[in-house]
Amino acid sequence: MAFTVHAVMPGVWHIVDCMGVCMTLLEGENAAMLVDTGYGIEDVADFMRHMTDLPLTVFLTHNHHDHAMGARCFPETYMLEADMADWRMFTDDKMRRRVLTQAIGKTLPVDEKTFLAGEIPLPKVMKPGVIDLGGLTAEIIEAPGHTPGSAVVYVPERKLLLSGDDWNPCTWLFFPQALGLREYRSNMRGIQQLLDHPSHQGGRQHGGLGHRADHRVDLRAGKLRLHGHIRHAGAGRQDKLPQQRIAAVVAFFFQFCPQHRGRL
């Protein structure tokens, strides 16, 4: 069991945990930032000590378990304030036991006692703004949609946008805490300007880094388009979305939100 590391550009490493979820390490001349922490099955903090010896800030793009449970390994982490209210829902003992069952199902060795020990500390509030790492900057940008407190991280020196779960192969607005499609579309307009730049790249935590044209977000004419699949903001209707993808999304939703089974 180990992390997989991809050195994608100077000062930027895309790291995949044993459960297949990504996080990104940004390293400047004076400081470093880890964007998201994965499931936390492995000791993320110990691994970071092998990656960098610079002062490390840990920022969570949102509060979901697959991005935030690795926070258990760090003395402090940061997140936008709007996602604080639901923190326990996605990091409590019940959710960790579900993740543990998943890991065991994948035959991954897990230190069960350590993984379930105590509460994962509530992150400190990070306000949107620019963090100077020394020759490299990380701009925290509010991007409510997938969750009320979702954020993206923009690295201008590398023309890189780290999008958390606000930009994925399909539009992830199926959790109960997600905002409505109209509001998501409105909030994404500023980010669209970054994606439209011909030399910019985007990074997802469910997938790799790639040129923005590979994962285009089209907000024109009242539509949201990703990978050729269109969601109409007005009618709430989705076209060209394969049935198997719908089934996969619904199954994923009910796995972690069983209390809502029967609502769809």
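Numerical summary
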{"item": "Among residues of segment 82-106, those that are in contact (Cβ under 8 Å) with a residue 12 or more places away in the chain, assigned to a helix (DSSP H, G or I) and over 26 Å from residue 143 (Cα atoms), counted", "result": "8"}
{"item": "Evaluation of residue 164 against (1) buried (at least 24 other Cβ atoms within 10 Å of the Cβ); (2) over 29 Å from residue 29 (Cα atoms); (3) of a type in the set (Gly, Ala, Ser) (one fails), failing number", "result": "(2)"}
{"item": "Residues located in segment 67-78, provided they are buried (at least 24 other Cβ atoms within 10 Å of the Cβ) and over 13 Å from residue 92 (Cα atoms)", "result": "67"}
{"item": "Every pair of residues 6+ apart whose Cβ atoms lie under 9 Å, when the first sits in segment 1-24 and is free of Cβ contacts under 8 Å to residues at least 60 places away in the same chain and among the polar types (S, T, N, Q) while the second is assigned to a loop (DSSP other than H, G, I, E, B) and surrounded by 19 or more Cβ atoms within 10 Å (Cβ to Cβ)", "result": "4/17"}
{"item": "Hey, residue 127 closer than 23 Å to residue 167 by Cα and out of contact with any Phe, Trp or Tyr (no Cβ under 7 Å at 6 or more places or on another chain) or not", "result": "yes"}
{"item": "Unique match (being within 20 Å of residue 22 (Cβ to Cβ) and modelled with pLDDT of 75 or more) among 203, 134, 207, 164", "result": "164"}
{"item": "Residue that is surrounded by the most Cβ atoms within 10 Å (Cβ to Cβ) [pool: residues in segment 21-36 that are part of a loop (DSSP other than H, G, I, E, B) and not small (Gly, Ala, Ser)]", "result": "36"}
{"item": "Positions within segment 38-63 being in contact (Cβ under 8 Å) with a residue 24 or more places away in the chain, over 16 Å from the mean Cα position of the chain (by Cα) and in a helix (DSSP H, G or I), in sequence order", "result": "45, 46, 47, 51"}
{"item": "Residue in segment 107-128 that is part of a loop (DSSP other than H, G, I, E, B), surrounded by fewer than 18 Cβ atoms within 10 Å (Cβ to Cβ) and hydroxyl-bearing (Ser, Thr, Tyr) present", "result": "yes"}
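The values are calculated or read from the model by the stated rules, or taken from the named source; none is laboratory data. Predicted model, so just to flag it, every value in this text is computed and none were measured. Here Cβ is always computed from backbone atoms with ideal geometry, including for glycine, and neighbour counts include all displayed protein chains.
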